[in-house]
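The values are calculated or read from the model by the stated rules, or taken from the named source; none is laboratory data. Computed from a prediction, not measured in an experiment: that's the story for all the values here. Glycine also receives a Cβ, built like all others from the backbone with ideal geometry; neighbour counts cover every protein chain displayed.
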Amino acid sequence: MQALATERPLTGDLRGDGAPLDLGAYEAAGGYRALRKALGELAPSALTAMVKASNLRGRGGAGFPTGVKWQAVPMGPKARRPKYVVCNADEMEPGTFKDRLLLEGNPHLVLEGMMLAAYAVEAEVAYVFLRWAYRRAEAAMRAAIAEAYQHGYLGRNILGSPFSLELHLHTSAGRYICGEETALLNSLEGSRAIPRAKPPYPQTSGLWGKPVLVQNVETFANVPPLVQRGVAWYQGLSRTDDQGGTKIYGASGRVKRPGAWELPMGTTIREILEQAGGMRDGFRLRGVIPGGASTDFVTEEHLDVKMDFTALARVGSRMGTGTMIVLDDRTCPVGMVLNLERFFARESCGWCTPCREGLPWTARTLQAIELGEGQDSDLELLAQQCRLLGPGHTFCALAPGAVEPLQSALKYFRDDFQRHIRERRCPWEHRKT
């Protein structure tokens with residue numbers, strides 16, 4: 001177990017039966033040693049410097065350097081108070097289930113990461129913003145929070161130090177837009193979940209106008225093992241020079257063993273598919289959406305590309321959440337993209353016109369093609385829509401992410417779109433199982 005925890009610090013201690021680690025089991029595996037170390041040996045600025053030196057990048061999808069984000073929070077006696085830390089646990093990206101694994105299996109690891117972040121930025125209050133449908137995760141988190149309070153890891157003067165932290169669990173109403181941190185903050189405040197204009201950035205003026213640090217579940221979970229074992233060890237887990245640690249990768253679709261696995265950052269797409277047992281018998285791989293539904297397809301020629309933030313960008317995609325959706329040769333790519341665009345159209349917050357009007361229009365056009373009612377001109381109209389909904393044309397990143405699978409499907413599977421139009425039907429209907 002100790003060897004597993006050293007190689008896989010996020011998941012090596014998970015129980016085989018899926019039950020969450022209670023406080024005793026977490027402490028036996030080394031839990032809260034990092035918090036004790038930080039409170040006893042590290043100034044807040046030193047802890048932030050350690051996280052920055054580790055090359056930990058945010059695991060929510062954007063991959064922003066975590067230490068740089070922490071440094072942006074105002075420090076010292078003149079900083080506005082209270083300051084907040086928020087854990088984004090509203091995991092609604094289609095094809096993504098990595099945070100659920102941690103929340104259900106090792107809730108104290110997430111909590112300790114939040115405590116360390118709060119200490120580093122001198123925050124007094126923390127929130128877990130949890131997806132409403134994650135009932136098992138909610139029960140595990142509530143139990144872990146109660147244990148942490150009971151044993152002095154939360155509350156006043158934690159472990160006899162001057163550091164105090166109050167932590168609350170907030171169950172969200174469940175909207176995809178809450179993955180955008182300022183929309184999440186609006187929802188947490190009790191307002192409509194719509195994104196805010198930036199600047200000001202949340203680190204300086206966020207929750208109730210006060211400084212706030214928002215990070216993803218997996219990002220927080222990386223912090224305790226990093227602090228406990230050090231920067232050199234953490235960087236040594238990775239196969240890349242500029243991105244430290246491990247990553248919880250996932251695969252869904254017609255693979256033999258869908259699931260999630262903690263592997264070195266920079267593991268290739270091919271190796272992750274091997275973890276999933278390869279394609280199911282009778283199916284052939286056509287493409288992969290590498291990082292949840294809002295990323296561009298890659299194809300067989302990209303199987304040896306590393307799954308990291310830099311390598312995937314070079315081939316025109318993004319790592320996103322690192323959880324792959326596999327397209328097989330019996331699934332219609334037009335129908336698959338239509339399903340995704342319907343989701344994004346429904347989840348648009350409606351705040352800006354391109355997203356509110358453009359995504360439903362895109363979904364309707366794709367539906368016409370799928371039903372055999374499309375025209376040749378629809379393909380150029382869809383390509384134009386991808387440009388009009390791309391970066392720089394909308395208020396937030398929802399619509400640009402929504403059209404990524406569409407724009408790449410038009411690139412790699414254009415013949416499939418043309419067959420729908422030419423044959424006036426979906427050619428895959430007879431092949432679906």
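Just a few scattered comments:
- The listed residues are Gly335, Gly372, Gly350, and the only one of them that is out of contact with any strand residue (DSSP E or B) (no Cβ under 8 Å at 6 or more places or on another chain) and under 24 Å from Gly291 (Cα atoms) turns out to be Gly335.
- Breaking point among (1) assigned to a loop (DSSP other than H, G, I, E, B); (2) surrounded by fewer than 24 Cβ atoms within 10 Å (Cβ to Cβ); (3) in contact (Cβ under 8 Å) with a residue 60 or more places away in the chain; (4) under 19 Å from the mean Cα position of the chain (by Cα), for Glu91: (2)
- Test result for Val51, of a type in the set (A, V, I, L, M, F, W, C), in the same structural domain as Tyr176 (by TED's automatic domain parsing), in contact (Cβ under 8 Å) with a residue 60 or more places away in the chain and over 25 Å from Thr240 (Cα atoms): no
- Within the stretch 116-141, the set of residues being part of a helix (DSSP H, G or I), touching a Pro at 6+ places or on another chain (Cβ under 9 Å) and not hydroxyl-bearing (Ser, Thr, Tyr) comprises Leu116, Ala120, Val121, Arg136, Ala137, Ala139, Ala140, Met141.
- Checked against the criterion of being surrounded by fewer than 22 Cβ atoms within 10 Å (Cβ to Cβ), farther than 21 Å from Ile194 by Cα, among the hydrophobic types (A, V, I, L, M, F, W, C) and assigned by TED's automatic domain parsing to the domain that holds Leu263, the candidates Ala383, Ala313, Ala368 yield just one match: Ala313.
- Qualifying residue in the stretch 63-77 (condition: under 19 Å from Met324 (Cα atoms), surrounded by 22 or more Cβ atoms within 10 Å (Cβ to Cβ) and aliphatic (A, V, I, L, M)): no
- Any chance Glu373 is over 16 Å from His420 (Cα atoms), at pLDDT 95 or above, surrounded by fewer than 20 Cβ atoms within 10 Å (Cβ to Cβ) and not assigned by TED's automatic domain parsing to the domain that holds Leu184: no
- Test set (1) without any contact (Cβ under 8 Å) to a residue 60 or more places away in the chain; (2) in a helix (DSSP H, G or I); (3) among the basic types (Lys, Arg) - Lys78 fails condition number: (2)
- Against the criterion of being in a loop (DSSP other than H, G, I, E, B), among the β-branched types (Val, Ile, Thr), in contact (Cβ under 8 Å) with a residue 40 or more places away in the chain and more than 23 Å from Asn55 (Cα to Cα), Ile177 does not qualify.
- Odd one out for Gly60, checked against (1) farther than 19 Å from Lys247 by Cα; (2) assigned to a loop (DSSP other than H, G, I, E, B): (1)
- Taken as a whole, the stretch 406-415 holds at least one residue that is under 30 Å from Gly278 (Cβ atoms), among the polar types (S, T, N, Q) and in contact with a Phe, Trp or Tyr (Cβ under 6 Å, 6 or more places away or on another chain).
- Restricting Leu21, Leu56 to those that are surrounded by 15 or more Cβ atoms within 10 Å (Cβ to Cβ), more than 23 Å from His151 (Cα to Cα) and hydrophobic (A, V, I, L, M, F, W, C) reduces the list to Leu56.
For (1) without any contact (Cβ under 8 Å) to a residue 24 or more places away in the chain; (2) assigned to a strand (DSSP E or B); (3) not assigned by TED's automatic domain parsing to the domain that holds Ala126, each residue gets a yes or a no:
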position	(1), (2), (3)
Gly152	yes, no, no
Leu159	no, no, no
Glu166	no, yes, no
Leu169	no, yes, no
Leu184	no, no, no
Arg192	no, no, no
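- Among the residues of the stretch 245-262, those that are surrounded by fewer than 24 Cβ atoms within 10 Å (Cβ to Cβ), within 20 Å of the chain's Cα centre (by Cα) and in a loop (DSSP other than H, G, I, E, B) comprise Gly253, Pro258.
- Some residue of the stretch 292-315 being over 17 Å from Arg414 (Cβ atoms), outside any helix (DSSP H, G or I), among the small types (Gly, Ala, Ser) and touching a Lys or Arg at 6+ places or on another chain (Cβ under 6 Å): no
- Scanning the stretch 122-150 for residues that are among the charged types (D, E, K, R), closer than 15 Å to Glu91 by Cα and in contact (Cβ under 8 Å) with a residue 12 or more places away in the chain yields Arg131, Arg136, Glu138.
- Leu213 satisfies every condition listed in (1) touching a residue at least 60 places away in the same chain (Cβ under 8 Å); (2) of a type in the set (A, V, I, L, M, F, W, C); (3) in a helix (DSSP H, G or I) except (3).
- Annotation note: Cβ proximity below 7 Å between a residue of the stretch 231-246 that is of a type in the set (Asp, Glu) and a residue that is assigned to a helix (DSSP H, G or I) (sequence gap 6+ or interchain) occurs for Asp242/Thr310.
- All positions within the stretch 191-232 that are farther than 16 Å from Asp90 by Cβ, surrounded by fewer than 19 Cβ atoms within 10 Å (Cβ to Cβ) and among the β-branched types (Val, Ile, Thr): Thr204, Val231
- Residue in the stretch 10-19 that is touching a residue at least 40 places away in the same chain (Cβ under 8 Å), touching a Leu at 6+ places or on another chain (Cβ under 6 Å) and under 19 Å from Val217 (Cβ atoms) present: yes
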